[in-house]
Amino acid sequence: MSIKNAYCILVGVFCLLIFPVCSRKLYTNNSVSSFDKQGHRGCRGLMPENTIPAMLRAIREGVTTLEMDVVITKDTQVLLSHEPWMNAEIITKADGTPVTPLVKTFDAGMKPHPRFPLQQKIKTVKPLLIDVITNVEHYTKSQNIPTIYYNIEIKSMPQGDGLFHPTPSSFVDLVVSVLRKQNIASRSIIQSFNVRPLKYLHEMHPHIPAALLVEEHDSLSVGQQINKLGFIPSIYSPHYSHVTLKLLKECAKMNMKIIPWTVNDLTDMRRLKTLGVHGIITDYPNLFTLL
């Protein structure tokens, strides 16, 4: 063995000893493709958001990952919903009449969405996460479609603890429990704008990759955001307007993948892909075929 080769081996071993967490940050076990096509809330631009029909339509449009929001019900069930209440903008009672926030019987697909005119109207409901996974897994197997990945958002703010959602630890544990029962933890990501659930996830469930979501008007630098979080997540998910070549280089140095949200314009999608992002979250996954 040459001195040069021996030196290279020693350097490699040194890096593995000094930086053991870096291999996990790549989340190679959860790598879906060279470019991750994520359907936002299933495919909100085409079907009622966070519903089983939206997830199945997104799969037919060729997504690699289904993005969704979850909340916890009073009886500790994990339910797909962007808000921890029935949003009157998109929800009606079963008979079509308007809702007030806490009704238990509702339709999630028949009311026209004022911001998504192409959204197909269909009678459907907000489903439990376990039912979404069951339907998706059955559908992909029956149609011989490659396995799908899941990107699950947890919304958690201190003022909402015990009111709109459980504490971060309980919230994360309830979600992870479903993922494990359904045997999809190895194909799952948990994302949040709030650092509390991500910190707990990193500490107690480090095998599940974390994605840090960044608000459109967040003025903190990448370094400041990571310092606030306390660890380097697998994925950095900023509003797409934040993505620059400089940001890509900063994230590359920290070994973080960049998957911006929510990109609904084809020109923006093409620009971001050319720039080098690792994936895109969109309400219109049908646009992926045009990239």
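The values are calculated or read from the model by the stated rules, or taken from the named source; none is laboratory data. A quick note: this is a predicted structure, and the numbers were derived from the prediction, not measured. Cβ coordinates were reconstructed from backbone atoms using ideal geometry, including for glycine residues, and neighbour counts include every protein chain displayed.
Here are the numbers:
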quantity	calculated
Spans of helices (runs of 4 or more DSSP H) in the range 163-261 with at least 2 residues under 19 Å from the mean Cα position of the chain (by Cα)	168-181, 195-204, 222-229
Contacts under 9 angstrom Cβ, first residue in the range 267-291 being more than 18 Å from residue 236 (Cα to Cα) and in contact (Cβ under 8 Å) with a residue 12 or more places away in the chain, partner among the basic types (Lys, Arg) and assigned to a loop (DSSP other than H, G, I, E, B), 6 or more apart	283/41; 283/44; 284/44
Any hit, the range 79-92, residues being crowded, with 22+ Cβ neighbours inside 10 Å and modelled with pLDDT of 90 or more	yes
Residue match in the range 15-34 (condition: at pLDDT 70 or above and either at positive phi or not in a helix (DSSP H, G or I) (or both))	yes
Residue list for the range 244-266, filter: surrounded by fewer than 21 Cβ atoms within 10 Å (Cβ to Cβ), among the charged types (D, E, K, R) and either in contact with a Cys (Cβ under 8 Å, 6 or more places away or on another chain) or over 22 Å from residue 44 (Cβ atoms) (or both)	246, 249, 250, 253
Verdict on residue 96 being surrounded by 22 or more Cβ atoms within 10 Å (Cβ to Cβ) and modelled with pLDDT of 60 or more	no
Filter result for the condition that a residue is surrounded by 14 or more Cβ atoms within 10 Å (Cβ to Cβ), touching a strand residue (DSSP E or B) at 6+ places or on another chain (Cβ under 8 Å), more than 19 Å from residue 234 (Cα to Cα) and among the β-branched types (Val, Ile, Thr), over 172, 136, 214	136
Total residues in the range 37-80, condition within 15 Å of residue 261 (Cβ to Cβ), outside any loop (DSSP other than H, G, I, E, B) and β-branched (Val, Ile, Thr)	1
Test result for residue 282, of a type in the set (Val, Ile, Thr), out of contact with any strand residue (DSSP E or B) (no Cβ under 6 Å at 6 or more places or on another chain) and buried (at least 23 other Cβ atoms within 10 Å of the Cβ)	yes
Residue list for the range 134-162, restricted to those being part of a strand (DSSP E or B) and under 24 Å from residue 259 (Cβ atoms)	149, 150, 151, 152, 153, 154
